[in-house]
Amino acid sequence: MCFRPMQSKEKLLEECVSYLRARPVFDRVLRQVREKAESLGHIGGKTIISIRSGAERDQLEGFFQKNLHGKKQLTVSVELLERALADSRFAALSWDEILCAYFGGPFIGKKEQREREESDRNDFFAQYADPSGDIGARFLAEILSGECEGRSLLYAQYRADQELLGQRLRVLIHACDNLPADRGLAQALPVFAAEISGDPHYFDEGTTTDRLLRLFIQKHYGIKRQPSYSDTEWKARILYRAGILKDDLSNTVLIYGIQAFLQDGTRHSGMDGFYRMREPLQCTLQTLYRLERVCGGKDVYVVENPAVFAVLSNRYPETAFVCTNGQLRLSALILLDLLSRESRLHYAGDFDPEGLGIAQRLKDRYGSRLELWEYKPEYYLRARSAENLPEETISPERMKKLDKLKDAELVKIADLIRQYGKAVYQETMLEWAYRNESELQEG
């Protein structure tokens, strides 16, 4: 009698893997079995294997000892797997061992995988978030606990690049602990970013660091968004509250006849000089940040265009004027917010879709504290008949902006613009529209 030497398990497992890899259909079989196992946490359930060729049918029939003639698919159950293995020369092995050897490691159930990933993620964020730490670390802990917005953003960044996120969180914590306002300062955004990170663009709008910093400032100062704030103003307002000035020198508003007071109640000496000399002043966002109060008397007149501002401030030197210079920048809105506390505002702008839109925004924002100034249909008709009326026709895209108007005075002008298709600008009405105003004469 001849005895075969007992084959080692390692050798048998190696032969089994070689057998399966030599038959390509089993790569799909085993991948689907493993996927099902990871979902269940153990080998079980059923998976369906499509039969794509005669060669695949032969390979499946040979291993599973099952007639698949005319079949287009095979349902592989755990029972079928175990029976095929038991009837083969690899019966000493288990499917756990085979899958581990075939894929180079044990399968991990989805529940176990989620728990492991969650543990790894918690360990990562524990390096930066600390409920009892400094203010920046406490803020991160509040985000991760769900106390404030931002957890989904952090998790998305964690999945994308953990190393980069770690760098960003270290800079963010440093920024939260060193806001200019908390140090009695006001800094331009690039200056603050360079001081904190070494990169003047580190907190540029749209970056992850910008979004996280604004979330912190909102939470830190308890800032609430007002309905009148546009997205652009809201973002700039958040930074402004923290003493971070976006476009601080280019973000200006033109003023005349306005007094300004610092937070200690004293006059701003520089602005006071322009007030006493009756000269206009280009006021920056940085200057406005230092002010507690501004005063322009009972009535302040606000215009859209610098040329109109220059003529009116010369014509009525005892009256306070503001020029927004087109679209409403943060500097103009902050100044008007301060003025509207104790002055009645009067606004005049161009008779075009954009100018009427500005007027509507200001009316929505200040309500009865703002009056629309010289928005009269007869002024539009008079200017339209003048020789210097622009020849260009307003495009349909611009015309659609008129549909958003609600104020009755503005709607009347909008109807005329739709009828004639032309704009009328402040400069063309300057010699007759803004005259004989008793309030202007009184100052």
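The values are calculated or read from the model by the stated rules, or taken from the named source; none is laboratory data. In this text the structure is predicted, and so the values were computed from the model without any measurement. All Cβ positions, glycine included, derive from the backbone under ideal geometry; neighbour counts span all protein chains shown. Calculation scope for accessible area: heavy atoms of the full protein, side chains included, ligands and nucleic acids excluded. Shrake-Rupley method; radii C 1.70, N 1.55, O 1.52, S 1.80 Å.
Go over the candidates Thr47, Thr75 one by one and state the one that is more than 30 Å from Ser152 (Cα to Cα), polar (S, T, N, Q) and surrounded by 12 or more Cβ atoms within 10 Å (Cβ to Cβ). Lay out the reasoning, then the answer.
Details: Thr75 fails: surrounded by 12 or more Cβ atoms within 10 Å (Cβ to Cβ).
After ruling out the rest, the residue left standing is Thr47.
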Restricting segment 419-435 to residues that are of a type outside the set (A, V, I, L, M, F, W, C) and not in a loop (DSSP other than H, G, I, E, B), the one surrounded by the most Cβ atoms within 10 Å (Cβ to Cβ) turns out to be Gln426
Pairs returned, first residue in segment 324-342 that is in contact (Cβ under 8 Å) with a residue 40 or more places away in the chain, second residue that is crowded, with 17+ Cβ neighbours inside 10 Å and aromatic (Phe, Trp, Tyr), beta-carbon separation under 8 angstrom, 6 or more apart or interchain, are Leu330/Tyr240; Ile334/Tyr240
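When you scan segment 97-116, do you find a residue that is closer than 30 Å to Cys176 by Cα and open to solvent by 60 Å² or more (accessible area, probe 1.4 Å), even just one?
Step one: filter segment 97-116 for residues closer than 30 Å to Cys176 by Cα, giving none.
Looking through segment 97-116, none of the residues is closer than 30 Å to Cys176 by Cα and open to solvent by 60 Å² or more (accessible area, probe 1.4 Å).
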Per the list (1) part of a helix (DSSP H, G or I); (2) under 17 Å from Arg21 (Cβ atoms); (3) over 54 Å from the mean Cα position of the chain (by Cα), residue check on Ala101 breaks on (3)
Reported set for segment 359-381 where residues are modelled with pLDDT under 95, part of a helix (DSSP H, G or I) and either closer than 12 Å to Tyr425 by Cα or of a type in the set (A, V, I, L, M, F, W, C) (or both) is Tyr379, Tyr380, Leu381
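If we only count helices (runs of 4 or more DSSP H) wholly inside segment 229-323, which ones have 1 or more residues that are crowded, with 17+ Cβ neighbours inside 10 Å and touching a Cys at 6+ places or on another chain (Cβ under 8 Å)?
Values: elements: 231-241, 269-276, 285-289, 306-315.
Because the criterion is at least 1 residues that are crowded, with 17+ Cβ neighbours inside 10 Å and touching a Cys at 6+ places or on another chain (Cβ under 8 Å), the helices (runs of 4 or more DSSP H) in segment 229-323 that meet it are 269-276, 306-315.
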Based on this model, can you work out whether Gly136 counts as at pLDDT 90 or above and on the phi > 0 side of the Ramachandran plot? no
When (1) closer than 26 Å to Tyr425 by Cβ; (2) in contact with a Phe, Trp or Tyr (Cβ under 6 Å, 6 or more places away or on another chain); (3) not small (Gly, Ala, Ser) are applied to Leu330, the one that fails is (2)
Going through segment 206-228 in order, the residues found to be open to solvent by less than 40 Å² (accessible area, probe 1.4 Å), farther than 13 Å from Leu189 by Cα and of a type in the set (Val, Ile, Thr) are Thr208, Ile217, Ile223
Flagged in segment 21-44 as in contact with an Asp or Glu (Cβ under 8 Å, 6 or more places away or on another chain) and not small (Gly, Ala, Ser), in numbering order, are Arg21, Pro24, Val25, Ile43
Considering segment 14-29, residues that are surrounded by 18 or more Cβ atoms within 10 Å (Cβ to Cβ) and closer than 17 Å to Thr75 by Cβ, and then whichever is nearest to the chain's Cα centre (by Cα), we arrive at Val29
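Those residues that are within 32 Å of the chain's Cα centre (by Cα) and free of Cβ contacts under 8 Å to residues at least 60 places away in the same chain, I need them from segment 357-368; list them, please.
Step one: of segment 357-368, the residues within 32 Å of the chain's Cα centre (by Cα) are 357-367.
Result: Gly357, Ile358, Ala359, Gln360, Lys363, Tyr366, Gly367.
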The correct count of residues that are under 15 Å from Ala126 (Cα atoms) and of a type outside the set (A, V, I, L, M) in segment 147-156 is 2
Matching residues in segment 67-88 (more than 21 Å from Lys36 (Cα to Cα) and among the hydroxyl-bearing types (Ser, Thr, Tyr)) number 1
Tell me, yes or no, whether segment 141-149 has at least one residue that is among the small types (Gly, Ala, Ser) and surrounded by 14 or more Cβ atoms within 10 Å (Cβ to Cβ). yes
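Can you confirm whether Ala188 is surrounded by 14 or more Cβ atoms within 10 Å (Cβ to Cβ) and in contact (Cβ under 8 Å) with a residue 40 or more places away in the chain?
Values: surrounded by 14 or more Cβ atoms within 10 Å (Cβ to Cβ): yes; in contact (Cβ under 8 Å) with a residue 40 or more places away in the chain: yes.
Spelling it out, Ala188 is indeed surrounded by 14 or more Cβ atoms within 10 Å (Cβ to Cβ) and in contact (Cβ under 8 Å) with a residue 40 or more places away in the chain.
Just to verify a result, which residue in segment 119-134, among those that are of a type in the set (Asp, Glu) and more than 14 Å from Gln162 (Cβ to Cβ), is surrounded by the most Cβ atoms within 10 Å (Cβ to Cβ)?
Within segment 119-134, the first condition is being of a type in the set (Asp, Glu), and the residues that meet it are 120, 123, 130, 134.
Now drop any that are not more than 14 Å from Gln162 (Cβ to Cβ), which leaves 130, 134.
On the way: Asp130: 15, Asp134: 12.
Step by step, filter segment 119-134, then rank; the result is Asp130.
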